[in-house]
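This report concerns only the one structure given below.
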Amino acid sequence: MVQNLNDQIDQGRFRPLMARFSLFENAPHIAVGVSGGADSMALAVLLSEWAASQGGWVTALIVDHGLRSNSGTEAASVFDTLKKLRIEAVILPWAPDGVSSGIQAKARTARYQLMENWCRNANVLHLAIAHHADDQAETVLMRLQKGSGADGLAGMPHARELMHCRIIRPLLDVRKKTLVSFLETRGIPWIEDPSNTDPKYARTTIREGIKLDGLDVDGIVQSASRYAPVREAAEMTAAAWLARHADLRTSGYISLNCDALFAAPEDIQLRILSRVATVIGGKVYPPSITSVERLQEKLHSDSPATVSGALFQPEDGCLFAYREVRNLPKPQTIKTRSMLWDGRFKVSVDSTEKCPEIMAFNDFERTKDDDYVVPDWVSDLPWRARRTIPVIRLHNEILMPTPNEPKKATVSLQFAPKIPLAGMGFSIA
């Protein structure tokens, strides 16, 4: 139930919101994304007090997005405010070099990637995000405009599994005015993001439309909460199907039984194809329902098709999903000891001093010496899968470590897509 506008949020109200997520370890360490806005500042304070009552603590993650000239100053100001509140904080810088279009979407992706990477390195299992009821209403309306079905009407989930942690959204049933009132009562400052009122962004237009039309935010959020169990049940059914019928190879491709796929209910088929495309394409966000419906139509006629960076190839009663070659990263120097190369493969190196280079096998094959012997595990792959695996060049040495094997050399490779194949991975933000 959405809290009344006149309600004040305190630990008495916040504890039941956290109880929804249960299963926290003893003395939990929880990360919380903090932009400096009223919603994230309120969440940081509420969560810090809750964690302390559990014998744990929080770390606030402040992403310096670099999109405005004063972003560094803002990040430092938020850091200082949190320090005064005795909340641990770290600043994660992002350099938006060369980003000129789709800036909000790219910044959002980078923000989540930076925070997830921090959680992985710090062994933190929970990442709290401050989306609130007003955000939820805006999301539902945005997805409704784009023709979404039950998933869009269900809005953002309270919890979502990533590869290295889970995202939790404790404030989805709390109005923003309640959070602002909480900060005002405590005398805690916050920062207003000018992009929140910039009319060039779709969410701003939706936000203003809600105000002008007098739409009932509480009612929209309550509707979303009623659709959420429908979505969750369908997700669980699709996940169970994938667990039984999908053959996921650590070399980066998936095969499905066509008869079993087409025997599944149509809605489940779409979810299965969407999840497979997301995993093999190395994405976080699923493809649009319209593009998946087009994919489904082509596959029913036994025709290959691509969606979201994944190539679907029917063959001998099976449906194979391979990474699309044209969207693979260009050859590049490995600058960090651990990197997620194409959204699928995690590459770890002992050192970057020798400037190791990484490329797709498709690029390597054009330049390799004729006498070079490809490892057996690579030569045994279907050619579509072989073209999309990473190759590491270390001086004159060519390395193709077997994925997910214990590290035996200077380089290791792990198939670790951003979203797991089976699980509650619905993502919308």
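Taking into account only those residues within segment 18-36 that are over 21 Å from residue 78 (Cβ atoms) and either of a type in the set (Gly, Ala, Ser) or at pLDDT 95 or above (or both), which is surrounded by the most Cβ atoms within 10 Å (Cβ to Cβ)? Step by step, filter segment 18-36, then rank; the result is 18. Considering (1) surrounded by fewer than 20 Cβ atoms within 10 Å (Cβ to Cβ); (2) within 27 Å of residue 175 (Cα to Cα); (3) out of contact with any Gly (no Cβ under 9 Å at 6 or more places or on another chain), say which one residue 111 fails and leave the rest. Looking at each condition in turn, residue 111 falls short on (3). Those strands (runs of 3 or more DSSP E) of segment 298-371 in which 2 or more residues are over 28 Å from the mean Cα position of the chain (by Cα) occupy 310-315. Within segment 258-288, the set of residues being assigned to a helix (DSSP H, G or I), among the β-branched types (Val, Ile, Thr) and farther than 18 Å from residue 236 by Cα comprises 280 only.
Residues checked against (1) closer than 18 Å to residue 353 by Cβ; (2) outside the structural domain of residue 285 (by TED's automatic domain parsing); (3) among the hydroxyl-bearing types (Ser, Thr, Tyr):
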position	(1), (2), (3)
384	no, no, no
387	no, no, no
395	yes, no, no
398	no, no, no
402	no, no, yes
406	no, no, no
414	no, no, no
418	no, no, no
422	no, no, no
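Filtered by the rule that a residue be touching a residue at least 12 places away in the same chain (Cβ under 8 Å), assigned to a strand (DSSP E or B) and charged (D, E, K, R), segment 378-404 gives a lone residue, 393. For residue 127, the conditions (1) assigned to a helix (DSSP H, G or I); (2) aliphatic (A, V, I, L, M); (3) in contact with a helix residue (DSSP H, G or I) (Cβ under 8 Å, 6 or more places away or on another chain) all hold with the exception of (1).
Confirm whether residue 142 is within 30 Å of residue 266 (Cα to Cα) and of a type outside the set (S, T, N, Q). Spelling it out, residue 142 is indeed within 30 Å of residue 266 (Cα to Cα) and of a type outside the set (S, T, N, Q). With respect to (1) of a type in the set (D, E, K, R); (2) within 28 Å of residue 145 (Cα to Cα); (3) touching a strand residue (DSSP E or B) at 6+ places or on another chain (Cβ under 6 Å), the lone exception for residue 302 is condition (2). Does at least one position in segment 37-51 carry a residue that is in a helix (DSSP H, G or I), at pLDDT 90 or above and surrounded by fewer than 18 Cβ atoms within 10 Å (Cβ to Cβ)? Scanning segment 37-51 turns up at least one residue that is in a helix (DSSP H, G or I), at pLDDT 90 or above and surrounded by fewer than 18 Cβ atoms within 10 Å (Cβ to Cβ).
Please enumerate the residues belonging to segment 206-236 that are among the β-branched types (Val, Ile, Thr) and crowded, with 16+ Cβ neighbours inside 10 Å. Of everything in segment 206-236, those that are among the β-branched types (Val, Ile, Thr) and crowded, with 16+ Cβ neighbours inside 10 Å turn out to be 206, 210, 217, 220, 221. When segment 411-426 is filtered for residues that are modelled with pLDDT of 90 or more and within 12 Å of residue 234 (Cα to Cα), nothing remains. If you go through segment 69-116 and keep only what is farther than 18 Å from residue 33 by Cβ, modelled with pLDDT under 90 and not in a helix (DSSP H, G or I), you end up with 69, 70, 95, 97, 98, 99, 100, 101, 102.
Taking strands (runs of 3 or more DSSP E) as the structural unit, those lying wholly within segment 140-257 and holding at least 1 residues that are touching an Asp or Glu at 6+ places or on another chain (Cβ under 6 Å) correspond to 253-257.
The values are calculated or read from the model by the stated rules, or taken from the named source; none is laboratory data. Computed from a predicted model, the values in this text were never measured in an experiment. Neighbour counts run over all protein chains shown; Cβ positions are idealised from the backbone, glycine included.
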